[in-house]
Structures are given as C-alpha cells and as structure tokens.
Amino acid sequence: MTDAITTHQSEDDVRNESILIWLNGKLLPRSQALVSVYDSGFMLGDGVWEGLRLYNGKWSFADEHMDRLFEAAKAIDLEIGLTRDALLAALLETQTANEMTTDAHARLMVTRGVKSRPFQHPALSRQGPTIAIIMEHSRPKLPRPIRLATVPHLRGLPMTQDPKLNSHSKLNCILACIAAEKAGADEALMLDLHGFVNTTNACNFFIVRKGAVWTSTGDYCMNGITRQKVIDLCRANDIPVFERNFTLVDTYSAEEAFLTGTFGAQTPVSQIDGRQIGSGTMGPVTERIRKLYKSLVGA
C-alpha cells in the first residue's frame with residue numbers, strides 16, 4: 001500500500017549522505033564501508049547488534065545496551081574482542097567524527113567475522129569478529145499513529161531462536177512485516193505460542209485498559225530497554241502496570257495502545273486488524289508516559 005509507514009520513519013537529512021562509518025577500527029565514508037561476501041553476518045545472519053539513541057550529547061541507557069550486547073555475544077559464543085570501554089570509545093569517536101550532538105541513531109553490529117569457506121560451521125570464522133557502527137542524523141517523523149495487523153508468524157521460542165537475542169537473523173520478523181503490509185497495515189502484531197498478544201515485528205507492545213497499562217509477560221518478546229523503562233516509570237509514578245497474558249479480545253477493546261523501542265520511544269497505535277483503538281489518536285496515558293520518558297532521557 002502506498003501510504004504505509006514504519007516505526008522507524010524519520011525526517012530526511014542530507015547530512016547522512018556524507019556520514020563516516022566505524023568499521024573494525026577505521027572511520028570510512030559510507031561508500032567505502034564494505035564487508036566481505038564471506039562475512040558471517042552477510043552469509044548466515046550470524047551476529048548480534050544494538051541500537052542506541054543520542055539525546056542532548058548523551059547516549060541514553062548506554063550501560064544497559066552494552067550489558068545486553070555482551071550477554072547476547074556470550075550466549076552465541078561470540079568473542080567481541082573489545083572491552084565495553086573500547087566499544088563506548090568507538091561510539092564516541094564516531095559521534096565526534098560526524099559532529100553529532102542530538103537526534104542521532106547508532107546501530108552497533110558485531111558478527112562472527114569473515115569465513116574461510118562459505119559454510120555454516122562457526123570454526124570457519126578464523127579472522128576475528130567484524131564490528132561496525134552506523135550512525136545517522138535521525139529525528140523521528142510519523143505523520144499518523146501506527147496501524148497493526150495480526151499475523152500467523154510467532155517470535156522464536158527459546159529452544160529455536162530466542163527472541164531475547166538481538167541477532168542479525170531477522171527473517172521471521174521481516175516475513176511478519178510483509179504479511180502485515182499485505183493486510184493493509186504498517187507493522188505486524190505477533191502472538192506467542194499460546195495465542196496471547198506478544199509483540200510487533202520491530203517493537204514491544206502495550207495497551208491501556210481502564211487507566212492501567214498492560215504488556216506481555218516478557219517470556220516470548222525482546223527484553224526491550226525502552227519497554228523496561230516504561231514499566232519502571234509507571235511503577236514510580238503510580239500508573240498501574242501489569243506484565244500479563246492477554247488476548248486479542250482484550251486488545252481490541254483497549255482505550256489506548258502504543259509501541260516502545262529505542263528509535264521511536266513511545267509510538268501510538270490507532271488501529272489493529274481494522275478496529276479503531278480508543279479515539280484513534282494518542283491517548284492521555286500514552287502522552288503522560290511520553291512526557292515522563294522525555295524527562296528521564298533529559299536528566
């Protein structure tokens with residue numbers, strides 16, 4: 001559909017044509033920041049990544065992002081080869097080189113590196129990891145709230161592809177997004193293996209019912225940093241919040257719904273499966289949480 005939008009929609013910025021990208025210790029123009037076709041990330045989706053957001057000169061929740069990156073790397077037995085401090089220094093180096101002070105987004109990626117032969121076994125990656133930081137000027141710009149469609153695709157199970165791993169292997173979520181777009185929506189609402197509402201293909205999902213905020217149990221969704229910040233803010237500001245199982249029936253009759261993620265913070269949802277949610281605009285609870293979150297990152 002021609003009017004589809006994404007949760008990562010942003011203003012056009014010509015400065016992004018001349019950004020410098022950090023690749024294995026070197027700052028390179030985007031046209032020269034290239035990886036081998038033998039790289040594990042390109043060949044197999046073998047790697048992990050983090051998205052970080054720059055607000056007023058500070059990378060928000062950088063410690064939490066580093067925690068999650070190193071936990072994921074350990075889980076897939078990938079040796080990053082740099083310390084946390086060295087990675088943060090690379091992030092700051094890239095920020096300085098691109099003269100960024102606020103409204104910037106960084107994608108920090110680590111793969112198992114270049115393989116000696118084009119096959120799956122991780123022992124074929126012998127040259128060490130590939131580490132890249134793409135940093136862009138990025139101010140979110142959504143012309144309207146997001147529309148969701150429920151799809152048959154489930155987020156991975158812990159014994160298959162654990163959804164808590166922010167891995168390069170995103171095909172399942174991409175297929176979900178394609179299905180949602182073909183249904184006339186912007187993004188996919190994905191259920192868990194029990195049929196309870198879980199997450200979208202790119203963000204964590206919340207609803208508001210009778211002034212209370214609901215989100216999934218967290219068992220089958222990404223352990224979102226913004227998700228946890230919203231839960232913490234609700235608890236600290238006397239907004240009832242529940243991590244629980246709930247169904248599409250509960251969702252359709254919610255007064256509000258919103259998504260959370262590093263890029264868009266809190267993104268309102270207007271419609272799910274063709275059903276208007278509340279007034280179809282950002283509701284008062286979502287707006288209050290947005291203000292509380294803005295104060296948090298501004299602190």
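Bear in mind these aren't lab numbers, they're just calculated from the coordinates by the rules spelled out. Because the structure is a prediction, the values reported are computed rather than measured. Reconstructed Cβ throughout: ideal geometry from the backbone, glycine too, with neighbour counts over all protein chains shown.
Please go through the range 232-245 and give me each residue that is over 18 Å from residue 199 (Cα atoms) and of a type in the set (Lys, Arg), ordered by number. First the steps, then the outcome.
Residues of the range 232-245 over 18 Å from residue 199 (Cα atoms): 232-240.
Across the range 232-245, the qualifying residue is only 235.
With respect to being more than 21 Å from residue 136 (Cβ to Cβ) and touching a Gly at 6+ places or on another chain (Cβ under 8 Å), residue 78 fits the description.
For the range 270-284, filtered to residues that are buried (at least 18 other Cβ atoms within 10 Å of the Cβ) and touching a Phe, Trp or Tyr at 6+ places or on another chain (Cβ under 9 Å), the residue that is farthest from residue 149 (Cα to Cα) is 283. Screening residue 152 against (1) without any contact (Cβ under 8 Å) to a residue 60 or more places away in the chain; (2) surrounded by fewer than 16 Cβ atoms within 10 Å (Cβ to Cβ); (3) farther than 24 Å from residue 252 by Cβ leaves a single unmet condition, (3). For the range 92-122, a residue qualifies if it is part of a helix (DSSP H, G or I) and in contact (Cβ under 8 Å) with a residue 60 or more places away in the chain, and the qualifying residues are 93, 94, 97, 122. Scanning the range 155-204 for residues that are of a type in the set (Ser, Thr, Tyr) and either over 15 Å from residue 219 (Cα atoms) or buried (at least 20 other Cβ atoms within 10 Å of the Cβ) (or both) yields 167, 169, 199, 200.
Restricted to strands (runs of 3 or more DSSP E) entirely inside the range 135-236, those with at least 3 residues that are closer than 27 Å to residue 283 by Cα and out of contact with any Cys (no Cβ under 6 Å at 6 or more places or on another chain) are 146-150, 187-191, 204-209, 212-215.
For the range 246-266, residues that are within 25 Å of residue 194 (Cβ to Cβ), in contact with a Gly (Cβ under 9 Å, 6 or more places away or on another chain) and not small (Gly, Ala, Ser) total 6. Note on the range 285-299: residues that are crowded, with 18+ Cβ neighbours inside 10 Å and among the polar types (S, T, N, Q) amount to 1.
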